Amino acid sequence: MTHFSALSLLRHALGGNKKWEEQWPNSEPKAEYDVIIVGAGGHGLGAAYYLAKEHGITDVAVIEKGWLGGGNTGRNTTIIRSNYLYDESARLYDHALDLWEGLSQELNYNVMFSQRGVMMLAHSVHDVQSFQRHVHANRLNDVDNRWLTKEEAKAYCPPLDISQTARYPVMGAALQKRAGTARHDAVAWGYARGAAARGVDIIQNCPVTAIRSDATGAVEGVETPRGFIKAKKVAVSAAGHTSVVMDSAGVRLPLESYPLQALVSEPVKPIFPCVVMSNTVHAYISQSDKGELVIGSGTDQYTSYSQRGGLPLIEHTVAAICEIFPIFNRMRMLRKWAGIVDVTPDRSAILGKTPVQGLYVNCGWGTGGFKATPGAAHTLAWTVAKDEPHPINAPFTLERFTTGRLIDEAAAAAVAH
């Protein structure tokens, strides 16, 4: 079993050589920890960081089956927003957005957070009514959001086609100016460095094959191909594979896993000033600092662990983007990929305790995982440290699927992303 400090991982990711490996040799992890976190993405590493920084719990190991930040954290489309309809979602995502705003300073690591605004297009009377409902609900929750006419939307995003002959006519838009983008994997590296500096162990290339419980039914530790690691508490935050890991502990989760596709174009000079999303065609677009147009689609219509996705859906997405922004018709695609998202029946997360004593879970974010990263990590750390939910994540309990108190953002939100 190999253990790396975040600093040596960063050097390795940037092309570390043998001499560097000699200076930072691998070491065996301990046989026992106070807390084990399964999954070294933004959520897991962030939880480890907040456990150490805010709760004084530093005897923590973050265990990752691949490499740090190599899962969904490295495959998302960077969007951050908090303009969700329901009170529970608005509180959670706005808490995350508050943390995003100071995260680079907090971690002393540039996560490239850019509050360029997220604009959500309305193409029908139903869209207009839905978005205006969102605007009013957001204001009641002190979440910024405002309604734009189609002319104001065009002024905010000049490439937008608002002509009457457009295939998808624009009737207005909702704009959250505090929203924007961040560097997708930088948040993982920043949290990793901060956690490692406080004594957290980060263990790569070490899949957790099972969670073991003792005779009383309480969690005892995790099984790995390289041995058993004992722990008083285990938190699972492994996007795309959480249900597999939790099954070994006898906890069945209401999750399905789907590919979520995206692509980037060839790089061009700055031309796209914000993030634009369309629910009617389920496509969204922004421009990265490297000049690529980042284009996202919806989830595939079938369950899968594939990290490629199917052609028909991405073809529809590209066609829709070309209709809404005709100036991009001749752009070339540079590469495409898919992340694996866990989806619950109400498309909202599960974040909290499980029926197994000492076992916690953070999953089911669907397409909302990246934007929630600091908020999810912060509240997960609170829940693990105090063995009780933070007031913000208390509604996102596993029990809501038996009580019927769902948070159905899939039916309510303007778009699932």
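The values are calculated or read from the model by the stated rules, or taken from the named source; none is laboratory data. Worth saying up front: this structure is predicted, and the values here are computed from it rather than measured. FYI the Cβ positions are ideal-geometry reconstructions off the backbone, even for glycines, and counts take in every protein chain you see. The accessibility values were calculated without ligands, DNA or RNA, using every heavy atom of the protein model including side chains. Shrake-Rupley method; radii C 1.70, N 1.55, O 1.52, S 1.80 Å.
Quick rundown of the values:
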{"read-out": "Which numbered condition TYR168 misses (of (1) farther than 20 Å from ILE271 by Cα; (2) outside any loop (DSSP other than H, G, I, E, B))", "value": "(2)"}
{"read-out": "Those residues of segment 237-246 which are assigned to a loop (DSSP other than H, G, I, E, B) and open to solvent by less than 10 Å² (accessible area, probe 1.4 Å), in sequence order", "value": "GLY240"}
{"read-out": "Criterion: among the basic types (Lys, Arg) and in contact (Cβ under 8 Å) with a residue 40 or more places away in the chain - qualifying residue of LYS269, LYS230, LYS290", "value": "LYS230"}
{"read-out": "Filtered residue count, segment 125-138, keeping only those that are over 24 Å from the mean Cα position of the chain (by Cα) and open to solvent by less than 40 Å² (accessible area, probe 1.4 Å)", "value": "3"}
{"read-out": "So VAL234, is it open to solvent by less than 10 Å² (accessible area, probe 1.4 Å) and of a type in the set (A, V, I, L, M, F, W, C)", "value": "yes"}
{"read-out": "Hey, ALA372 among the hydrophobic types (A, V, I, L, M, F, W, C) and open to solvent by less than 20 Å² (accessible area, probe 1.4 Å) or not", "value": "yes"}
{"read-out": "Residue that is surrounded by the most Cβ atoms within 10 Å (Cβ to Cβ) [pool: residues in segment 51-70 that are under 17 Å from the mean Cα position of the chain (by Cα) and under 17 Å from ILE36 (Cβ atoms)]", "value": "LEU68"}
{"read-out": "Any hit, segment 273-285, residues being of a type in the set (Val, Ile, Thr), closer than 24 Å to HIS43 by Cβ, open to solvent by less than 40 Å² (accessible area, probe 1.4 Å) and modelled with pLDDT of 95 or more", "value": "yes"}
{"read-out": "Residues satisfying the stated conditions in segment 289-312, i.e. at pLDDT below 95 and small (Gly, Ala, Ser)", "value": "GLY296, SER297, GLY298, SER304, SER306, GLY309, GLY310"}
{"read-out": "Extreme residue, most open to solvent (accessible area, probe 1.4 Å), among residues of segment 23-40 that are modelled with pLDDT under 95 and assigned to a loop (DSSP other than H, G, I, E, B)", "value": "GLU28"}
{"read-out": "Yes/no for VAL170 being over 26 Å from LEU406 (Cα atoms), surrounded by 22 or more Cβ atoms within 10 Å (Cβ to Cβ) and at pLDDT 95 or above", "value": "yes"}
{"read-out": "Hits in segment 139-159 - residues which are open to solvent by less than 20 Å² (accessible area, probe 1.4 Å) and more than 30 Å from LEU45 (Cα to Cα)", "value": "ASN145, LEU148, ALA153, CYS157, PRO159"}
{"read-out": "Hey, PHE396 in contact with a Gly (Cβ under 8 Å, 6 or more places away or on another chain), open to solvent by less than 10 Å² (accessible area, probe 1.4 Å) and not basic (Lys, Arg) or not", "value": "yes"}
{"read-out": "The listed residue being surrounded by fewer than 19 Cβ atoms within 10 Å (Cβ to Cβ) and at negative phi, out of ALA319, ALA349, ALA338, ALA262", "value": "ALA319"}
{"read-out": "Residue match in segment 215-228 (condition: in contact with a helix residue (DSSP H, G or I) (Cβ under 6 Å, 6 or more places away or on another chain) and farther than 30 Å from MET333 by Cβ)", "value": "no"}
{"read-out": "Test result for LEU99, closer than 28 Å to TYR305 by Cα and either out of contact with any strand residue (DSSP E or B) (no Cβ under 9 Å at 6 or more places or on another chain) or open to solvent by less than 10 Å² (accessible area, probe 1.4 Å) (or both)", "value": "no"}
{"read-out": "Among residues of segment 197-226, those that are of a type outside the set (Ser, Thr, Tyr), in a loop (DSSP other than H, G, I, E, B) and open to solvent by 30 Å² or more (accessible area, probe 1.4 Å), counted", "value": "9"}
{"read-out": "Single unsatisfied condition, ILE229 versus (1) open to solvent by 10 Å² or more (accessible area, probe 1.4 Å); (2) over 13 Å from GLY44 (Cβ atoms); (3) modelled with pLDDT of 95 or more", "value": "(1)"}
